[in-house]
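A.B. asks: What follows is a structure written as structure tokens; I'll ask about it next.
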Amino acid sequence: MADERELIRARVSLVELVGDEVRLQKRGKNWTGLCPFHDDKNPSFTVNDQTGSYRCWSCGAKGDMFTWVMETQRVTFREALEFLAKRAGIELTARPAQDSNKRGTYEGAMNAAQEFFASQLFKTSAATAYCFGRGLTEEVLKQWEIGFAPDVEEGLPTHLKKSGFSLADCKELFLVDGDQDRGYASKFRARLMFPIRDERGALVAFGGRLLSNGIPKYINSSDTPIYSKRRVLYGMHRAKDTISKKNRAVLVEGYLDVIACHAAGVTEAVASLGTSLSEDHAKMLARWCKQVTILYDNDAAGQKAAERASAMLEEAGLVVTVALMPPGEDPDTLLRTSGAGAVARAAEGGLTPVDFRILRLQGIYQPTQPEYWQEVVAVLATASALDRERLVQELAPTYPGLRDPIAARQALKNQIRDYGRQPAQPRQGGATGPRRRERFGRSEMTGPERALLLALGDPELRAPAWAAVRQPELFGTTLAYDIATMLRDRFEDDPPAGAFALWGHDLTPEALRFTYAEMLAGHAERLDAEVVRDSLERLRQKLSQNLLRASWQQSTPDDTALSQINEKLRELKGSG
């Protein structure tokens, strides 16, 4: 498949592909137009065929030709691949017939299991009493296909075998456990069963909940040949039309919360399954909408999960708000205690992620504690300039030791400014803060660094530039060092071949890849071999100076230290 993708990239022009939907005009190396992902009044959308990427400088939408097809047509990657292959005149490698047959077998077994669970619900008085006690009416139970797994080991295996399915296949689907010698038993017993369907409505997994207290309360299907929990959101097949219409999704924590939201009219609600929100979940939501409201439980675990989810969603380019539930409530309990209106109101409110993070810190620390201000500074250092300025104004009156509000604001700003110059330190909960790695005191990329990274995108100048990339320590500023490291780690011994559009898509992390793509797309510098050689020599000289300066500043070097420095200088000179 990798070769097929490369062939598609070589044959399909992103400018022509996007031009089918957007009127584009040439502006230098880029093509510009009105962004199709938001109500764009002035052309803020750019496309570059050399890098194979597009970007909106207003709403942040970005990607390559596969992303474009997935987001504009709201299809899976495989469907986008098939669409582009047809456009390129490429016949994709056919999936083996046995794989297709196997998929049909798996789907049949899952449907048979669902029929069994559904048939057992109303035969079990404890299960129906539990459902009715949770406000789940008969109509809701049927709508969400809720069933029950009886506390009988052989119940489901017997049904599946009578339906003509191999229990070995059913074990792969997380329906049964065991083997032919020991016999098979149901994976789910004495549990309320929630069928899990993917966004197209195919039954791919199950979740089972105990009727009473016990551990584990939930058992969810593990990843199987037809299911990946990182790529499926519960309720998405029902919510996607509303999400598309409202351009917003509501993210909750569990099955019953999704069902409660839909019963309250919040039919854009979905939930991740047995795992934290993943990058794949965020990308899926970004295909359907531009805004997400997080409506998690208002306890410590829920707040922590909301903070993680908001960061993931923002990275995917979504506008995020974090709604605050009343203490001790979740959408399911709120619906039963206060009615549908209360759930709808909770889903409409919300804080920006940065305000939510500050509020969370205020619940953990007191303003008199140094840890509080360390965490506040870490949050504000990554906030937008507008949010940072607003929050500095709001928080300065509680800054310790300074009564003068102007002095307090300036002290807080100084801390934020200095934050990026510090090495990463463990933060609350053992996580490492997103502190910038400043190298030798500069943050802006230098001319020689920029020239070498741009030269790497030019096949004719790539060889000398690659000599520099293989030594990331030559790059003294944060951004240049990170890009050089990303390139070296991806290609190791040999430089990439061909235009950036053919190999840039494999670079990670995504944010750094797009930064580099934008550098290549937007530069106006005239480069030649002499400029590249001169830039490389200047970086080597600068590193030599910095190494010597750092050594002398630390202590008076002895003969051994001087010998090591000289060896490093010879190594740098020899690498030329």
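A.B. asks: Among the residues of the stretch 337-346, are any more than 30 Å from Val392 (Cβ to Cβ), open to solvent by 30 Å² or more (accessible area, probe 1.4 Å) and touching an Asp or Glu at 6+ places or on another chain (Cβ under 9 Å)?
C.D. replies: Looking for residues that are more than 30 Å from Val392 (Cβ to Cβ), open to solvent by 30 Å² or more (accessible area, probe 1.4 Å) and touching an Asp or Glu at 6+ places or on another chain (Cβ under 9 Å), one finds at least one in the stretch 337-346, hence yes.
A.B. asks: Answer with yes or no whether Arg74 is surrounded by 14 or more Cβ atoms within 10 Å (Cβ to Cβ), of a type outside the set (Ser, Thr, Tyr) and under 30 Å from Glu16 (Cβ atoms).
C.D. replies: Working: surrounded by 14 or more Cβ atoms within 10 Å (Cβ to Cβ): yes; of a type outside the set (Ser, Thr, Tyr): yes; under 30 Å from Glu16 (Cβ atoms): yes.
Here the answer is yes, as Arg74 does meet what is asked.
A.B. asks: Which residue, of Phe174, Phe132, is open to solvent by 20 Å² or more (accessible area, probe 1.4 Å), part of a helix (DSSP H, G or I) and either hydrophobic (A, V, I, L, M, F, W, C) or modelled with pLDDT of 95 or more (or both)? Steps first, answer last, please.
C.D. replies: Values: Phe174 fails: part of a helix (DSSP H, G or I).
Result: Phe132 is the single residue among Phe174, Phe132 that is open to solvent by 20 Å² or more (accessible area, probe 1.4 Å), part of a helix (DSSP H, G or I) and either hydrophobic (A, V, I, L, M, F, W, C) or modelled with pLDDT of 95 or more (or both).
A.B. asks: Taking Glu537, is it in a helix (DSSP H, G or I) and at pLDDT 85 or above?
C.D. replies: Details: in a helix (DSSP H, G or I): yes; at pLDDT 85 or above: yes.
So Glu537 passes the test.
A.B. asks: OK, next. Of everything in the stretch 324-359 that's touching a residue at least 40 places away in the same chain (Cβ under 8 Å) and within 22 Å of the chain's Cα centre (by Cα), which residue is nearest to Trp57 (Cα to Cα)?
C.D. replies: Only one residue fits best here, namely Pro353.
A.B. asks: In this structure, does Asp257 turn out to be among the acidic types (Asp, Glu) and out of contact with any helix residue (DSSP H, G or I) (no Cβ under 9 Å at 6 or more places or on another chain)?
C.D. replies: Here the answer is no, as Asp257 does not meet what is asked.
A.B. asks: Given the structure, is Thr321 of a type outside the set (A, V, I, L, M), on the phi < 0 side of the Ramachandran plot and within 28 Å of the chain's Cα centre (by Cα)?
C.D. replies: Working: of a type outside the set (A, V, I, L, M): yes; on the phi < 0 side of the Ramachandran plot: yes; within 28 Å of the chain's Cα centre (by Cα): yes.
Yes; evaluated as a whole, the condition is true for this residue.
A.B. asks: Could you list all residues from the stretch 239-275 that are among the hydroxyl-bearing types (Ser, Thr, Tyr) and over 21 Å from Thr137 (Cα atoms)?
C.D. replies: Step one: of the stretch 239-275, the residues among the hydroxyl-bearing types (Ser, Thr, Tyr) are 242, 244, 255, 267, 272, 275.
Within the stretch 239-275, Thr242, Ser244, Ser272, Thr275 qualify.
A.B. asks: Does Gly214 count as in a loop (DSSP other than H, G, I, E, B), surrounded by fewer than 20 Cβ atoms within 10 Å (Cβ to Cβ) and modelled with pLDDT under 90? If you could, list the steps in order and put the result at the bottom.
C.D. replies: Details: in a loop (DSSP other than H, G, I, E, B): yes; surrounded by fewer than 20 Cβ atoms within 10 Å (Cβ to Cβ): yes; modelled with pLDDT under 90: yes.
Yes; evaluated as a whole, the condition is true for this residue.
A.B. asks: Check off (1) open to solvent by 60 Å² or more (accessible area, probe 1.4 Å); (2) free of Cβ contacts under 8 Å to residues at least 60 places away in the same chain; (3) on the phi > 0 side of the Ramachandran plot for Gly63 and give me the number that stays unchecked.
C.D. replies: Going through (1) open to solvent by 60 Å² or more (accessible area, probe 1.4 Å); (2) free of Cβ contacts under 8 Å to residues at least 60 places away in the same chain; (3) on the phi > 0 side of the Ramachandran plot one by one, Gly63 breaks only (1).
A.B. asks: Looking only at the stretch 241-270, count every residue that is in a helix (DSSP H, G or I), open to solvent by 10 Å² or more (accessible area, probe 1.4 Å) and under 19 Å from Val320 (Cβ atoms) and tell me the total.
C.D. replies: 4
A.B. asks: Follow-up. Sort out for me the strands (runs of 3 or more DSSP E) sitting completely within the stretch 1-102 that have 2 or more residues that are among the polar types (S, T, N, Q). Before you say what the answer is, go through the steps one by one.
C.D. replies: Details: elements: 25-27, 30-33, 45-48, 53-56.
Per the criteria, 30-33, 45-48.
The values are calculated or read from the model by the stated rules, or taken from the named source; none is laboratory data. Remember, predicted model here, so these are calculated numbers, not experimental data. All Cβ positions, even for glycine, are placed from backbone atoms using ideal geometry, and neighbour counts span all protein chains on display. Remember, those area values only see protein heavy atoms, side chains included, never the ligands or the DNA or RNA. Shrake-Rupley method; radii C 1.70, N 1.55, O 1.52, S 1.80 Å.
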